[in-house]
Every structure is written in C-alpha cells, then in structure tokens.
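Enquirer: Sending over a structure as structure tokens; questions will come in a sec.
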Amino acid sequence: MRGAAAAPPEILEAERAFALSAQGLDPQTLSVRFEIADGYYLYRDKLNFSVSPGNLAAPIAPPGKIKEDQFFGKVETYRGRLQMELTLDAPRPGSAVTLVVESQGCADVGVCYPVQRQTLAVPLPRPGERPAPLVEAAPRRKSWFN
Amino acid sequence: MNKKIARTTVLVMAALLALAAGVHFGQRGLGGPWLAPAAKDASALLAVALPDIEGREQALGQWKGKVVVVNFWATWCAPCREEMPEFVRVQAELGGKGLQFVGIAVDQADKVQPFAREIGVNYPVLIGGYGAMELSKAFGNKLMALPFTLIINRQGEVAHTQLGPLKETQLRAIVGQLL
C-alpha cells in the first residue's frame, strides 16, 4: 500500500488473531481451542461459553497470565494456545451441540477488538468412538459493506 | 430509552445508506493494508447525529468548517483510554484555532460517563453503540478494531485515517497542516 513511510506491522482480523476451533471428545465433553497469534492476547474475564441444547457444567477457563493494566487493574490474559475442556450437563451421544463462544482481545500494537461472538456446530461421538472431527469457527457474518 | 436507541440507529443507518448509495470511495494515502479504501468525502459522517453523554443529540455537521478529529473508542479498549488525555491536551491548546475533537464511543452511556468525567474530557463524546463500529467501517476500519480515528479537513474531506493509537507528534503534524 502506498503512502506509509514505514510499513507498520500487519494487523490481523479478529478471527485470524484468535483462531477458534472445537471438537467433541466424547458424548459429554468438548475441547475448545484458541490459537492466539503472536502479539495478541485474550482477556480471561471476557470469555463466555454456552451450548444448546442443554447447558455446560460450570465451565472454568484455565488461569491466565496476570497483566497489570493501568486502567483495569490486575487482569488475566492468554497468549499462544488456550485449550480447555467443556463438560455438557448430560451426554448427547451421536448428536451435535451448538457452541457459542464469546471472546475479547487486543493486539500489542495498540488495538482492541470488540467482543467476538462465534457459533460452532460441534458433533459428539458415541460412547467408545474416536473423537469427532475438529470444527473451525465460521468466518464472521457479512456486514453491509463486505 | 428504547425510542432514543431506535432513533439513533435510524440516523446511523441513514448515514450508512447515503454513503453506500454512491458517495465515491477514494484510496487513502495513509495507513496500512488493514485500512480499506475509505470514503474521502466525510459528508455522510458529518450527517450523523448521536446523543452525547448527557443524552442531548449532537449533529456532527455542526463542526463542519473546523478541522474535526473523530475518534472511535470504547471504555473496554485500554489503548483508547490511554490516548484520550493527549486529545484533551491538544483540544485545550488548539481548540481556539479551529480544531474540534469528537469522540464516538462504541459503548454504553453508563460506562462512558464515569471515564469521560475522570479524565476531564473537554470535547463532545457521543454514544454510538455497536452501530458506530459499522459507521467506522464505512470509513476504512475494515477490521472493526479500536481506536480508529479520522481527521477531517475544513472542506469536509477525510485527510487521515488511523487504526491504533495516534501519537501526539503525528497528530500535531497532521493537524498543524490543516489548521
């Protein structure tokens, strides 16, 4: 692109900066993973998970790294890979659940993204079956100007 | 309350539609590859009216003829908060020469008010909600990230767009040429 005196680092779309995927490990357990690009971080307290049908049994995100923020005080953030398991309130062998993930993060260069709300249809294996295939988050909805 | 939100939404949508309806898009010279070609003509933005933190509706058009710095921000965005005291300083210093900052918060009024008071904001801060993010996108913020700042010259044209913090030296250099 013309005009810029010194090319600043590229800034990624939120979906690429925080690549989300999920997998049904067994009839009652999902694995959720964020691959967070270098130079980006997610806030732990902005993570939110829900499923339908049913509920999640108390999803607890792993501890993050403590960051002393001049505005928000002590906040926990994640960098690199964030992987956690979510347990459904009841097994749903051979079916699929709709997983809704909310996340919010920033880039070290000084930009922040609004809360991203992503929806994945996650298949669940039957008892004794291998884990279901990995599901990657769908691209963001098209807006008026796409 | 809901009526006000509905009205704001209608106003923002009207501005977006006006923009989509054929205002020409020109390439901005400044900025990185994440900045989409944005409208050079800021009239669609200047046609927007949004409530300020007191709930009074403010039309951006009232500042036409000044050098207007429109800063899209939010309280949940630390880098946005970090640069705002700088804007307060520059507004105090250059306001008399025709510089006008306008903040548009992609946020809720009850979150914006305490912060605006805390840092002593001396320029209008308007409450745009999430619709403001779409508005910023129409002016090149294709990643819909914050802070995002537009500098509009006295002729009502976008002179600069910036995703990420605007350093004070850079801000002063750009604004100095336009005042």
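Enquirer: Scan the range A:88-99 for residues that are part of a strand (DSSP E or B) and surrounded by 14 or more Cβ atoms within 10 Å (Cβ to Cβ) and jot them down. Working first, answer last.
Expert: Of the residues in the range A:88-99, the ones part of a strand (DSSP E or B) are A:88, A:96-99.
Result: A:Leu88, A:Ala96, A:Val97, A:Leu99.
Enquirer: Could you grab me the full set of residues in the range A:97-132 that are within 14 Å of another protein chain (Cβ to nearest Cβ) and at positive phi?
Expert: First, the residues of the range A:97-132 that are within 14 Å of another protein chain (Cβ to nearest Cβ): A:102-117.
Within the range A:97-132, A:Gly110 is the sole residue that qualifies.
Enquirer: Say we look at the range B:72-86 and pick out the residues that are within 11 Å of chain A (Cβ to nearest Cβ) and part of a helix (DSSP H, G or I); which of these is surrounded by the most Cβ atoms within 10 Å (Cβ to Cβ)?
Expert: Selected residue: B:Cys80.
Enquirer: Mind checking which residues of the range B:156-179 are polar (S, T, N, Q) and open to solvent by less than 10 Å² (accessible area, probe 1.4 Å)?
Expert: Going through the range B:156-179, the residues polar (S, T, N, Q) turn out to be B:161-162, B:169-170, B:177.
Of everything in the range B:156-179, just one residue is polar (S, T, N, Q) and open to solvent by less than 10 Å² (accessible area, probe 1.4 Å), namely B:Thr161.
Enquirer: Return the pairs, sorted by first residue and then second, in which the second residue is open to solvent by less than 30 Å² (accessible area, probe 1.4 Å) and of a type in the set (Gly, Ala, Ser), the first residue lies in the range A:70-81 and is within 13 Å of chain B (Cβ to nearest Cβ), the beta carbons are less than 7 Å apart, and the residues are 6+ apart or on different chains.
Expert: Going by the 7 Å Cβ cut-off, the qualifying pairs are A:Phe71/B:Ala78; A:Phe72/B:Ala78; A:Thr77/A:Gly64.
Enquirer: If you don't mind, another one. Could you tell me how many of the residues in the range A:111-120 are part of a loop (DSSP other than H, G, I, E, B) and open to solvent by less than 10 Å² (accessible area, probe 1.4 Å)? Even if it seems obvious, please write down each step before you answer.
Expert: Just the residues of the range A:111-120 that are part of a loop (DSSP other than H, G, I, E, B), to begin with: A:113-115.
So of that shortlist, the ones also open to solvent by less than 10 Å² (accessible area, probe 1.4 Å) come out as A:113-114.
So the answer is 2.
Enquirer: Taking the stated definitions as given, is B:Asn153 more than 18 Å from B:Ala42 (Cβ to Cβ), modelled with pLDDT of 95 or more and open to solvent by 10 Å² or more (accessible area, probe 1.4 Å)? It would help to see each step written out before you state the result.
Expert: Working: more than 18 Å from B:Ala42 (Cβ to Cβ): no; modelled with pLDDT of 95 or more: yes; open to solvent by 10 Å² or more (accessible area, probe 1.4 Å): yes.
Considered against the rule, which asks whether it is more than 18 Å from B:Ala42 (Cβ to Cβ), modelled with pLDDT of 95 or more and open to solvent by 10 Å² or more (accessible area, probe 1.4 Å), B:Asn153 comes out as no.
Enquirer: Since B:Arg89 meets every condition but one in (1) part of a loop (DSSP other than H, G, I, E, B); (2) over 21 Å from A:Val115 (Cβ atoms), which condition does it not meet?
Expert: Unmet for B:Arg89, out of (1) part of a loop (DSSP other than H, G, I, E, B); (2) over 21 Å from A:Val115 (Cβ atoms): (1).
Enquirer: Does B:Ala145 qualify as being more than 16 Å from B:Leu50 (Cβ to Cβ) and open to solvent by less than 10 Å² (accessible area, probe 1.4 Å)?
Expert: Yes, satisfied.
Enquirer: Would you say B:Gly95 is open to solvent by 10 Å² or more (accessible area, probe 1.4 Å), of a type in the set (Gly, Ala, Ser) and in contact (Cβ under 8 Å) with a residue 60 or more places away in the chain?
Expert: Values: open to solvent by 10 Å² or more (accessible area, probe 1.4 Å): yes; of a type in the set (Gly, Ala, Ser): yes; in contact (Cβ under 8 Å) with a residue 60 or more places away in the chain: no.
In short, no.
The values are calculated or read from the model by the stated rules, or taken from the named source; none is laboratory data. Since we're looking at a predicted model, the values are computed, not measured. Neighbour counts are summed over all protein chains in view; Cβ atoms, including those assigned to glycine, are modelled from backbone coordinates with ideal geometry. Surface accessibility is based on the protein's heavy atoms, side chains included, excluding ligands, DNA and RNA. Shrake-Rupley method; radii C 1.70, N 1.55, O 1.52, S 1.80 Å.
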